[in-house]
Amino acid sequence: MANDFILSDAGIGALLLDVASGGAFDEERQARLLALAESLTGSDGVDDVVPGMNNLMVAFDPLTIDAGAMERRLVDGWRSAVARVGDGRTHDIAVVYGGPDIEGFAADLGLSVDEVAERHAGAVYRVAAIGAMPGFPYLSGLDPALAMPRRAVPRQGVPKGAVIVGGGQAGIMPITAPSGWHIVGHTDFELFDPHRAAPATLKPGDTVRFTIAGVRR
């Protein structure tokens, strides 16, 4: 049976399982990965489990578990992983659409600003992964009509709360930081609080729905 994954070393005591299919993001594979991640979290010898976009990094203690045994656990776990339906919480996030990019973004797509807001808010998103910066959600489920390559020149300071689109994914900025994604709106939804027991509000597998709180041009 041909492998549908690539397993590689990610340093001493870490493995990366990549299940991307032809380079395109696959929602069903991501759901299987999240199920595998949950099954590995807290198990003997496993220090950390980090889901990415169609990949999974597992850090382990090589003094507790042999690297070969960890590889077999990952491979067997992937082959038997079953996507779960309905896992995770649902978050409704109010957005005021607008910002410095939205008019050009809409024009490049052949849409009006209102159509961009309606399409963006009309989709149901799934938190595929958390990464890049504390609490940043990579959201799958973007309407394909809104897919847009990232900016050629990233901004040095995209503000906290910016609702953004990059390629075929959506996201929200948890802090002010550089980004090449397009700004299509703003939300006051708090994504990260280091003083909470669980600092990140969103988790992989959660569902996100955006609601239109206003449209500014």
Flag for residue 87 being under 23 Å from the mean Cα position of the chain (by Cα), among the acidic types (Asp, Glu) and surrounded by 15 or more Cβ atoms within 10 Å (Cβ to Cβ): yes
Please enumerate the residues belonging to segment 176-197 that are touching a Lys or Arg at 6+ places or on another chain (Cβ under 6 Å) and open to solvent by 70 Å² or more (accessible area, probe 1.4 Å). 176
Restricting to segment 34-54, count the residues that are open to solvent by 80 Å² or more (accessible area, probe 1.4 Å) and of a type in the set (Ser, Thr, Tyr). 1
When restricted to 128, 197, 162, the only residue over 25 Å from residue 49 (Cβ atoms) and small (Gly, Ala, Ser) is 162
Could you list, ordered by first residue, the pairs with Cβ atoms under 7 Å in which the first is in segment 147-158 and closer than 18 Å to residue 108 by Cα and the second is among the hydrophobic types (A, V, I, L, M, F, W, C) and open to solvent by less than 100 Å² (accessible area, probe 1.4 Å), at least 6 apart or interchain? 148/105; 148/109; 148/165; 150/181
Those residues of segment 32-90 which are out of contact with any strand residue (DSSP E or B) (no Cβ under 9 Å at 6 or more places or on another chain), of a type in the set (A, V, I, L, M, F, W, C) and either modelled with pLDDT under 90 or closer than 27 Å to residue 132 by Cβ (or both), in sequence order: 35, 81, 83, 85
When residues of segment 198-212 are limited to those that are part of a strand (DSSP E or B) and surrounded by 16 or more Cβ atoms within 10 Å (Cβ to Cβ), the one farthest from the chain's Cα centre (by Cα): 212
Inside segment 110-145, can you point out the residues that are crowded, with 22+ Cβ neighbours inside 10 Å and assigned to a helix (DSSP H, G or I)? 116, 117, 120
Out of 94, 106, 69, report the one residue that is out of contact with any Pro (no Cβ under 9 Å at 6 or more places or on another chain), open to solvent by less than 80 Å² (accessible area, probe 1.4 Å), in contact (Cβ under 8 Å) with a residue 60 or more places away in the chain and of a type in the set (Gly, Ala, Ser). 94
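The values are calculated or read from the model by the stated rules, or taken from the named source; none is laboratory data. Quantities reported herein were computed from a predicted structural model and do not represent experimental measurements. Ideal geometry is used to build each Cβ from the backbone, glycine not excepted, and the neighbour counts take in all protein chains shown. We work out accessible area using only protein heavy atoms, side chains counted, and drop any ligands, DNA or RNA first. Shrake-Rupley method; radii C 1.70, N 1.55, O 1.52, S 1.80 Å.
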